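**Student:** The structure under discussion is supplied below as structure tokens; questions concerning it will follow.
Nothing in this text is a laboratory measurement; each read-out follows from the coordinates by a stated rule. If you're wondering where the values come from, they're calculated on a predicted model, not measured in any experiment. All Cβ positions, glycine included, derive from the backbone under ideal geometry; neighbour counts span all protein chains shown.
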Amino acid sequence: MQKVKGKIRLSGLAGAPGLAYGKAHHFRPVEDVTISRSSNNDPVKEQSRMDDAVRAARAEIAMIKEKVAHDANASEAHIFDAHLTFLNDPALIKRVSNAIGQGLNAEAAWSDAINLFVEQLEKLNDPILRTRATDVSDVGQRVLNHLMGRSNAIDLEPDEPVVLVAEDLSPSVTASLDKKAVLAFCTALGSATSHASILAKALGIPAVVGLGEQLLSLQEGQLVLVDGYNGRVVLEPDEAELEAFLKRKDTDRELAMMDRSNAFLPAVSMDGYRIEVAANIGSVADARDAVESGADGIGLLRTEFLYLNESNLPREEEQMRVYAEIAAVVGDLPVVVRTLDIGGDKSVPYLGTRNEVNPFLGWRAIRMISERPDILLSQFRSLLRGFAGSRLHIMLPMVSSVDELEEARAIFDAAREQLKTEKLVFAQDVKFGIMVEVPSTAILADHFAKQVDFFSIGTNDLTQYTLAVDRTNQRVAHISSPFHPAVLKLIKMTIDAAHRNGRWVGLCGEMAGDPLAIPILLGMGLDEFSMTPASIPSAKRIIRNYSKAECQKFAEEALRFEKTELVKAYLSSKFQCM
Amino acid sequence: MVTIEFTIMNESGLHARPASDFVMEASSYKSDICIRNSSVSSEWVDAKSILSILGLGVESKHKIEIKAEGEDEVEAIQNLKALLEKNINEKTK
């Protein structure tokens with residue numbers, strides 16, 4: 001904890017953008033409250049209390065599910081589908097009513113039954129099955145809260161909205177946060193890509209995550225500033241700082257309104273360069289968000305959602321149907337699709353992933369092709385068919401050597417040949433590219449550029465692989481920054497190599513939407529910025545405020561520093577961070 | 001009462017999607033249907049309960065037994081067997 005003139009500052013990770021100022025309120029996921037236990041109760045009365053609680057929980061979950069499906073995306077909503085099925089489970093219901101029939105009170109009957117299933121699941125060998133235990137206890141708690149007359153809507157005063165402070169937030173709790181009662185939330189754990197952050201972004205609640213255990217020692221009711229843009233929290237700010245912050249907050253609100261009304265205008269720099277501002281998406285719902293946020297295209301369509309939660313390789317028709325749905329939403333906009341990027345950090349048995357000591361350096365993404373060319377072939381075929389009338393771009397993830405590109409290209413050609421022979425309709429004039437996210441590829445960018453139509457720089461992984469740091473590991477996360485001089489240099493090398501060969505370059509990491517990064521990326525000559533849909537309007541505004549020529553100077557200057565801190569200090573001094 | 005024994009062949013065993021498909025099918029019959037994981041000598045559990053089926057921890061190559069008792073027992077067992085053969089044992093292409 002850094003103490004400056006009596007103020008305490010905490011720095012974490014930007015979970016969801018936005019600024020907030022208010023009283024801290026600790027949220028502790030229901031401590032182990034002793035569950036009352038009594039016999040000789042009236043079974044009829046207890047059963048009816050039980051039924052009411054289950055009914056109320058079911059209604060709540062259905063509401064959350066609808067909200068999440070609408071605001072976030074389908075894959076987040078699945079969690080709540082499972083919760084609903086559990087509530088209807090006949091074995092659970094029977095066990096509970098038997099206990100109640102013997103005179104046990106509803107609370108004890110319910111929690112005994114839930115615990116039995118949770119313990120059973122926790123004992124299993126299979127890691128996927130074991131994770132279901134968390135879901136079962138989440139549902140169990142929700143029902144129990146109803147029985148005990150405790151609200152699941154988190155006990156908050158609606159008249160005085162608060163900054164919620166917690167160790168971590170479950171998807172079910174995050175999804176039920178009310179924007180009117182919660183100004184922002186801060187968590188000790190979590191990352192920018194955890195469920196809580198994704199849901200917060202979708203709900204429009206500013207969030208700072210990964211602040212460390214020290215966050216939990218702050219006092220109830222203490223005044224805090226939350227900066228969800230930069231991942232910072234200030235406790236008990238002095239008057240000057242507070243005033244500056246509130247001013248920034250006002251400007252932020254006005255800007256956000258203006259940004260929204262200008263979102264559909266192109267991003268043209270002051271000296272007349274038109275820059276593509278595209279969206280990163282991972283579902284059909286995201287595609288709608290992208291279009292509504294004014295995206296000039298889809299810069300990254302992640303396809304993992306088609307493969308996770310499945311027990312067999314999705315059939316070509318199934319994949320194709322989803323792609324066609326997305327194609328219908330985006331219409332004439334260009335779409336860049338990333339082929340499957342899964343490895344040992346996810347367990348997908350039918351793909352042949354295994355628990356690996358080092359999943360991010362292991363058998364993943366494009367490295368699957370020599371063993372499982374069938375996966376890529378079926379994906380190419382479904383992409384070509386599903387996006388038949390679209391401006392389709394396909395890119396390969398985690399390429400680290402030229403042979404991988406050649407091998408994938410051969411499979412791609414084979415897919416096209418097959419479709420031709422089968423006389424099926426498929427996309428013509430498809431652009432073929434690679435992700436640049438492994439340092440070797442950035443270093444050899446000149447060679448790669450001769451064999452592809454475009455590059456897309458994945459700065460999250462490029463940072464991880466260049467600096468050999470896992471940003472989800474709290475102890476070393478501070479080392480991880482795309483502003484590290486080595487990462488910036490690789491980005492510059494990649495862009496230069498592409499341009500020497502007449503190719504365009506996009507960037508689809510979080511960096512693309514970062515107000516501090518946008519000007520220097522513009523200055524380095526980046527052609528396309530791809531980001532979460534919500535950031536598009538502000539990114540377009542930032543681009544409109546600069547000329548490429550002046551940004552070139554900023555970029556040259558920024559590339560001269562030897563330390564991340566110096567780069568960031570320089571950029572912060574040049575660009576007011578909003 | 002009708003009983004069958006079956007070996008689960010697909011790589012991921014009986015969970016998530018296959019398990020919930022199985023439960024949905026089982027729930028559409030009037031008969032009482034029970035299932036056990038004979039490979040781990042589990043108890044018989046209600047085949048219409050997803051929680052119980054997940055709790056059996058059925059992995060690839062495990063043997064399961066299903067029994068049905070009631071007016072549509074023959075049909076139930078036939079169709080559940082067909083479902084297991086079709087969906088659950090579907091080989092990855």
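**Student:** First measure r as the distance between the Cβ atoms of A:Lys553 and A:Ala240, then evaluate 1/(1 + (r/R0)^6) with R0 = 25 Å and state the FRET efficiency to the nearest 0.05.
**Tutor:** Here the calculated transfer efficiency is 0.20.
**Student:** Quick check for me: using +1 on Lys/Arg Cβ and -1 on Asp/Glu Cβ, what's the dipole size of the range A:269-574 about its Cα centre, in debye to the nearest 20?
**Tutor:** Dipole size: approximately 460 debye.
**Student:** Rounded to the nearest 0.05, what FRET efficiency do A:Asn501 and A:Glu119 have when you use their Cβ-Cβ distance and R0 = 51 Å?
**Tutor:** Between A:Asn501 and A:Glu119 the formula returns 0.25.
**Student:** Write down the Å³ per residue value for the convex hull defined by the alpha carbon atoms of the range A:269-574.
**Tutor:** Considering the Cα atoms of the range A:269-574, their hull volume per residue is 129 Å³.
**Student:** Here's something else I'd like to know. Against the globular-protein guess of 2.2 N^0.38 Å, express the Cα radius of gyration of the range A:308-424 as a ratio, rounded to two decimals.
**Tutor:** Computed over Cα atoms of the range A:308-424, the ratio equals 1.09.
**Student:** Now for a different question. Tell me the label-point distance for the pair A:Arg367, A:Lys249, using the 7 Å Cα-to-Cβ offset, in nm and rounded to one decimal.
**Tutor:** So the label points at A:Arg367 and A:Lys249 sit 4.7 nm apart.
**Student:** Give the distance, in whole Å, between the Cα centre of the range A:200-216 and the Cα centre of the range A:516-578.
**Tutor:** Centre-to-centre distance over Cα atoms comes out at 25 Å.
**Student:** Please name which of A:Ala196, A:Ser535, A:Gly12 has its Cα lying farthest along the dipole of chain A towards the positive end, using unit charges on Cβ (Lys, Arg +1; Asp, Glu -1) and the Cα centre as origin.
**Tutor:** Ranked along the dipole, the leading option is A:Ser535.
**Student:** Can you compute the radius of gyration and Dmax for the range A:413-472, using only the Cα atoms, both in Å?
**Tutor:** 16.4, 48
**Student:** How many angstrom separate the Cα center of the range A:239-291 from the Cα center of the range A:380-419?
**Tutor:** Taking the Cα centre of each part, the range A:239-291 and the range A:380-419 sit 33 Å apart.
**Student:** Another question about this same structure. Counting other beta carbons within 10 Å of each residue's own, what order do A:Asp112, A:Asp461 fall into, fewest first?
**Tutor:** Listing A:Asp112, A:Asp461 from fewest to most nearby Cβ atoms yields A:Asp112, A:Asp461.
**Student:** Report, ordered by chain and residue number, the aspartates and glutamates lying within cross-link reach of A:Lys65, taken as a straight Cα distance under 17 Å and ignoring same-chain residues fewer than 8 apart.
**Tutor:** Result set, ordered by chain and number: A:Glu76, A:Asp81, A:Asp135, A:Asp138, A:Asp178, A:Asp286.
**Student:** Hey, got the dipole for the range A:43-147? About the Cα centre, +1 on K and R Cβ, -1 on D and E Cβ, debye to the nearest 20?
**Tutor:** The calculated dipole for the range A:43-147 is roughly 240 debye.
**Student:** Also, quick follow-up: Would you mind giving the three semi-axes, in whole Å and largest first, of the ellipsoid equivalent to the range A:43-147 according to its Cα gyration tensor?
**Tutor:** 25, 18, 9
**Student:** Additional query: Applying 1/(1 + (r/R0)^6) with R0 = 41 Å to the Cβ-Cβ distance of A:Gln214 and A:Ile35, what FRET efficiency is obtained, to the nearest 0.05?
**Tutor:** Calculated transfer efficiency: 0.80.
**Student:** Cα-Cα over 29 Å: which of A:Lys201/A:Lys346; A:Lys94/B:Lys67; A:Lys201/A:Lys568; A:Lys94/A:Lys179; A:Lys123/B:Lys63?
**Tutor:** A:Lys94/A:Lys179
**Student:** Which whole number gives the average count of other chain Cβ atoms within 10 Å of the Cβ atoms across peptide A:132-141?
**Tutor:** Average per residue, whole number: 1.
**Student:** Okay, moving on. Sequence gap at least 6, Cα distance under 8 Å: using those rules, report the relative contact order of the range B:2-88 to the nearest whole percent.
**Tutor:** 43
**Student:** Sum -39500 (n - 2.57) across every DSSP H segment of at least 4 residues in the protein assembly as shown, then divide by the residue count to get the 222 nm mean residue ellipticity, nearest 500.
**Tutor:** Result for the protein assembly as shown, helices only: -13500 deg cm²/dmol.
**Student:** For Cα pairs less than 8 Å apart in space and 6+ apart in sequence, what is the mean separation divided by the residue count of the range A:269-574, i.e. the relative contact order in percent?
**Tutor:** 20
**Student:** Express in nm, to one decimal, how much length is gained between A:His478 and A:Arg274 on full extension, taking 0.36 nm for each residue of separation and deducting their alpha carbon distance.
**Tutor:** Answer, rounded to one decimal: 70.0 nm.
**Student:** Across every pair of different alpha-carbon atoms, what Kirkwood hydrodynamic radius in Å does the protein assembly as shown reach?
**Tutor:** One decimal place: 27.3 Å for the Kirkwood radius.
**Student:** If I model a spin label at B:Glu71 and A:Glu562 as a point 7 Å from the Cα along the Cα→Cβ vector, what separation in nanometres do I get?
**Tutor:** Here the modelled spin labels are 8.7 nm apart.
**Student:** Residues of B:52-60, mean number of Cβ from any other protein chain within 10 Å of their own Cβ, rounded to a whole number?
**Tutor:** Neighbouring Cβ atoms belonging to other protein chains average 6 per residue here.
**Student:** Other chains near A:160-168: what is the mean number of their Cβ atoms within 10 Å of each residue's Cβ?
**Tutor:** Mean shielding by partner chains, rounded to a whole number: 0.
**Student:** About its Cα centre, what dipole magnitude does the range A:378-445 give when the only charges are +1 on Lys and Arg Cβ and -1 on Asp and Glu Cβ, stated in debye to the nearest 20?
**Tutor:** 440
**Student:** Please report the net charge: other residues with Cβ closer than 11 Å to the Cβ of B:Leu54, K and R +1, D and E -1.
**Tutor:** Result for the local shell: -1.
**Student:** Mean separation of Cα pairs under 8 Å and 6+ residues apart, divided by the residue count of chain A: what relative contact order is that in percent?
**Tutor:** That works out to 13 percent.
**Student:** GluC sites (Glu not before Pro) within the range A:543-578: which are DSSP loop residues with at most 11 other Cβ atoms inside 10 Å?
**Tutor:** Filter output for the range A:543-578: A:Glu562.
**Student:** Could you work out how far the C-alpha centroid of the range A:300-326 sits from that of the range B:1-65, in angstrom?
**Tutor:** Using only Cα atoms, the two centres lie 27 Å from each other.
**Student:** Excluding residues fewer than 8 places away in the same chain, name every one of the lysines whose C-alpha is closer than 25 Å to that of A:Lys420.
**Tutor:** Here the lysines satisfying the reach criterion relative to A:Lys420 are A:Lys431, B:Lys93.
**Student:** With the dipole of the protein assembly as shown worked out from charges on the C-beta (+1 for Lys and Arg, -1 for Asp and Glu) around the Cα centre, which of A:Ser36, A:Val487, B:Leu51 lies farthest toward the positive end?
**Tutor:** About the Cα centre, the residue reaching furthest to the positive side is A:Val487.
**Student:** May I ask for the net charge around A:Asp126, where only other residues with Cβ less than 12 Å from the Cβ of A:Asp126 are counted and Lys, Arg are +1 while Asp, Glu are -1?
**Tutor:** For residues surrounding A:Asp126, the net value is 0.
**Student:** On to the next question. Taking A:Lys548 as the anchor, which lysines have their alpha carbon closer than 16 Å to its alpha carbon, excluding any fewer than eight residues away along the same chain?
**Tutor:** Straight-distance partners of A:Lys548: A:Lys492, A:Lys540, A:Lys574.
**Student:** Now, a different point. Give, in nm to one decimal, the length gained when the segment between A:Asn98 and A:Asn262 is fully stretched (0.36 nm per residue of separation minus the Cα-Cα distance).
**Tutor:** 52.9 nm
**Student:** Moving on to the next point. Rounded to the nearest 5, what % of DSSP beta bridges with both residues in the range A:269-574 are antiparallel?
**Tutor:** 0
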